[in-house]
Amino acid sequence: MQGQLDIGLNDRGREQAATVAPLVAALHPELVVTSDLARAADTAAAVAAAAGVAVHPDARLRETLLGQWQGLTHTEVEEHTPGGFPAWRSDALYRPPGGETRVEVAERGAAVVDELPEGPGTVVLVAHGGLVAALTARLLELPVARWAVVGGLGNTRWAELVPRVVDGRPSWRLEAWDTRG
């Protein structure tokens, strides 16, 4: 479980980033904002280069802080905190020892979305599966008790959310999930 460990891309990851970059660039992003962790930032750099736009790093797009679980396998997590891994997977309010809840992760990601400038067309956020799942659940206004139904994204896959107005107030529509092109 990597969490916020700053692990760079391996050869396979660099290959995946190079493959996805032109696919995402074809969406004509006007802005690319990325987690400052190397694995996301390097992917964002490939996307931004293909799209001809700058990359804007933001630490609030980091993956979930997993505290004492970071660097452990799922089996080691279960040995360290019996029942913790299934509780974390099913409860957005569960906090790994020394870590943060999915609700906290979603709030820091939502702050990035809330601060996006008015007017840009397509904005690409390059982040991590856990953050994207939590942020999506929050933006779609799912009840926190149901957030576990939104699974994380695979590497170099994406979600498409479109802003809209419903009953006179801003809302989001999920157009695509776990897309790989």
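The values are calculated or read from the model by the stated rules, or taken from the named source; none is laboratory data. If you're wondering where the values come from, they're calculated on a predicted model, not measured in any experiment. Glycine gets a Cβ as well: all are built from the backbone with ideal geometry, and neighbour counts include every protein chain shown. Heads up: the accessible areas ignore ligands, DNA and RNA and are worked out on the full protein's heavy atoms, side chains in. Shrake-Rupley method; radii C 1.70, N 1.55, O 1.52, S 1.80 Å.
Within segment 18-71, the only residue that satisfies the criterion of being more than 17 Å from residue 158 (Cα to Cα) and either modelled with pLDDT under 95 or hydroxyl-bearing (Ser, Thr, Tyr) (or both) is 64. Only one of the listed residues (14, 60, 39) is touching a residue at least 24 places away in the same chain (Cβ under 8 Å), under 26 Å from residue 143 (Cβ atoms) and among the basic types (Lys, Arg). That residue is 60.
Return the residue satisfying two criteria in turn: it lies in segment 159-173 and is modelled with pLDDT of 90 or more and open to solvent by less than 80 Å² (accessible area, probe 1.4 Å), and of such residues it is nearest to the chain's Cα centre (by Cα). Per the stated criteria, the residue is 159.
Filtering segment 55-70 to residues that are open to solvent by 70 Å² or more (accessible area, probe 1.4 Å) and either over 24 Å from residue 31 (Cβ atoms) or hydroxyl-bearing (Ser, Thr, Tyr) (or both) leaves only 68. Of all residues in segment 143-158, those that are closer than 20 Å to residue 179 by Cβ and open to solvent by 50 Å² or more (accessible area, probe 1.4 Å) have Cβ atoms under 6 Å from Cβ atoms of residues that are of a type in the set (S, T, N, Q) and at pLDDT 95 or above, 6 or more apart or on another chain, in 155/16.
Here residue 176 passes the criteria (1) open to solvent by less than 70 Å² (accessible area, probe 1.4 Å); (2) not in a strand (DSSP E or B) except the one numbered (2).
Yes/no matrix, rows are residues, columns are (1) polar (S, T, N, Q); (2) within 24 Å of residue 38 (Cβ to Cβ):
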position: 81; (1), (2): yes, no
position: 86; (1), (2): no, no
position: 92; (1), (2): no, no
position: 111; (1), (2): no, yes
position: 115; (1), (2): no, yes
position: 121; (1), (2): no, no
position: 128; (1), (2): no, yes
position: 132; (1), (2): no, yes
position: 136; (1), (2): yes, yes
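When segment 89-125 is filtered for residues that are open to solvent by less than 40 Å² (accessible area, probe 1.4 Å) and among the acidic types (Asp, Glu), only 100 remains. The residue pairs whose first member lies in segment 84-104 and is over 13 Å from residue 147 (Cα atoms), whose second member is among the polar types (S, T, N, Q) and open to solvent by 30 Å² or more (accessible area, probe 1.4 Å), and whose beta carbons are closer than 7 Å, counting only pairs six or more residues apart or on different chains, are 96/68; 97/68; 98/68.
Quick check, is residue 50 open to solvent by 40 Å² or more (accessible area, probe 1.4 Å), touching a Pro at 6+ places or on another chain (Cβ under 8 Å), more than 20 Å from residue 129 (Cβ to Cβ) and of a type in the set (Gly, Ala, Ser)? Yes; evaluated as a whole, the condition is true for this residue.
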